[in-house]
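S.K.: Can you keep this structure in mind? I'll have questions shortly.
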Amino acid sequence: MAIALENQTILITGASSGIGAACARFFAEAGARLILSARRKDKLQALADELSKTYEAKSLLLPLDVQQSDAVTSAIDTLPADWQKIDVLINNAGLSRGLDKQYEVSLQDCEEMIDTNIKGLLYVTRAVVPGMVERGQGHVINIGSIAAHYTYPGGSIYCATKAAVKVLSEGLKMDLLGTPIRVTNIEPGFVETEFSDVRFRGDTDRAKSVYKGMTALTAEDIAELILFAATRPLHVNISELYVVPTDQSSSTLIYRRGS
Ligand code: NDP
Ligand code: 8X3
């Protein structure tokens, strides 16, 4: 039987758009309280207002750049007393930059992907998990990618970061064995969000062409699976969920209509 999320506290990184924002809506509908984190405070505020109006959900804004280790630690350590007991951490903040060759991609792009997708996820995990262990309750849900399994040309840095998320998820599960804390790695294929706009720095035509002629997953498709993982009975740990659009079988094998 599904477990209830009423009054549970969910911390979502990257809540300002895409999968993170969709998770906020699904968990709010299920009665949870949300800690909404990302860099764009205006987007977080608009989302919090919507959640309050639509679901009467309580939200706390946590504007944060996950690349900044000190800021992450201090933000988690100084949460208001009634928000400190985090039940579910959704490590979702992440991005890709460009499709440049490994030997040509700028160091700045490499570092942004590594610092956000690997180091940022680790900073947040290290700040939150000790409290979960102390309280004997918690669930860490990382957003990996099928890119962890399939390297594609020009994507090796991003793919390496998602391979790291897979390994960090597996290792965290091992390190938490003997505690009730659960660990899940969600690995989506194409999801149509701001992801490709960010990858191609606002070149919307190029971003749209990624999904041309095929039906991509939606942020809601993924949020529903995350909610499913979070609501399994406490003795059930979904370790990995690998999910692609029906029109996709690997990072580079896509079925496109009319092409
Ligand atoms: P979006 O671009 O829509 O969302 C990314 C989120 O990450 C935004 O809320 C952004 O917020 C946040 N973010 C980025 N950098 C930082 C940072 N340094 N500090 C804090 N927050 C940050 O893309 P998606 O929703 O698609 O992506 C969510 C996750 O899903 C990512 O980890 C991505 O790698 C993964 N994924 C996406 C797939 C896809 O096809 N879309 C497929 C597989 C995995 P802000 O800019 O306000 O900080
Ligand atoms: C995002 C999906 O295939 O663009 O993780 O890398 S892909």
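S.K.: Taking 35 Å as R0, compute the FRET efficiency from the Cβ-Cβ separation of R126 and R257 and round it to 0.05.
M.R.: Once the sixth-power term is evaluated, E becomes 0.20.
S.K.: Determine the distance separating the Cα centre of the range 42-88 from the Cα centre of the range 103-132; give it in Å without decimals.
M.R.: The two parts, judged by their Cα centres, are 19 Å apart.
S.K.: Once the Cα gyration tensor of the range 78-171 is found, what semi-axes does its equivalent ellipsoid get, as square roots of 5 times the eigenvalues, in whole Å, sorted largest first? If you can, show how the numbers build up before the last one.
M.R.: Details: eigenvalues 183, 37, 15 Å².
They are 30, 14, 9 Å, listed from largest to smallest.
S.K.: On to the next question. When the chain is fully extended, how far beyond the present Cα-Cα distance does E6 get from R40, taking 0.36 nm per residue of separation?
M.R.: 9.5 nm
S.K.: Determine ³J(HN,Hα), in whole Hz, for all residues of the range 69-80 in sequence, where each value follows from phi through the Karplus function 6.51 cos²θ - 1.76 cosθ + 1.60 and θ = phi - 60°; x replaces Gly and Pro.
M.R.: My calculation for the range 69-80 gives 4, 5, 5, 5, 4, 5, 4, 6, 5, 10, 4, x Hz in order.
S.K.: Cα extents of the range 1-63 along the three principal axes, largest first, in whole Å?
M.R.: Sorted from largest, the Cα extents of the range 1-63 read 36, 20, 17 Å.
S.K.: Right, here's the next one. Once the dipole of the chain is set up with Lys and Arg at +1 and Asp and Glu at -1 on Cβ about the Cα centre, which of I10, Y242, Q45 lies farthest towards its positive end?
M.R.: So the residue furthest toward the plus end is Y242.
S.K.: Rank by packing, highest mean first: peptides 20-27, 186-193, 73-80, with packing defined as the count of other Cβ atoms within 10 Å averaged across residues. Mind showing how you got there, number by number?
M.R.: Numbers: 20-27: 25.6, 186-193: 21.9, 73-80: 14.0.
Ranking, from highest mean packing down: 20-27, 186-193, 73-80.
S.K.: At 20 °C and 1.002 mPa s, what whole-number value in µm²/s does Stokes-Einstein give for the translational diffusion of the range 1-126, with Rh from the Kirkwood sum over Cα pairs?
M.R.: 141 µm²/s
S.K.: To continue, here is another question. Count of lysine pairs in the chain with Cα atoms under 21 Å apart, counting only pairs 8 or more residues apart in sequence or on different chains?
M.R.: 11
S.K.: So what's the projected area for the range 156-253, the Cα convex hull averaged over all directions, in nm²? Present the calculation step by step, with values, prior to reporting the outcome.
M.R.: On the way: hull surface 28.9 nm².
So the Cα hull casts an average projection of 7.2 nm².
S.K.: Moving to a separate point now. Which net charge results when you count Lys and Arg as +1 and Asp and Glu as -1 among the other residues whose beta-carbon is under 14 Å from that of Q108?
M.R.: Its environment carries a net charge of -4.
S.K.: Ok, one more. On a C-alpha basis, how far is the centre of the range 145-159 from the centre of the range 228-259 in Å? Whole number, if you could?
M.R.: 16 Å
S.K.: Out of residues 5 or more away from V243 or on other chains, whose amide H comes under 5 Å of its own, with H placed 1.01 Å from N in the peptide plane?
M.R.: E187, G189
S.K.: At 20 °C and 1.002 mPa s, what whole-number value in µm²/s does Stokes-Einstein give for the translational diffusion of the chain, with Rh from the Kirkwood sum over Cα pairs?
M.R.: For the chosen part, D equals 116 µm²/s.
Throughout, read-outs are computed from the coordinates displayed, never taken from laboratory work. This is a predicted model, so every value here is computed, not measured. Positions of Cβ are generated from backbone atoms using ideal geometry, with glycine treated the same way; all protein chains shown enter the neighbour counts.
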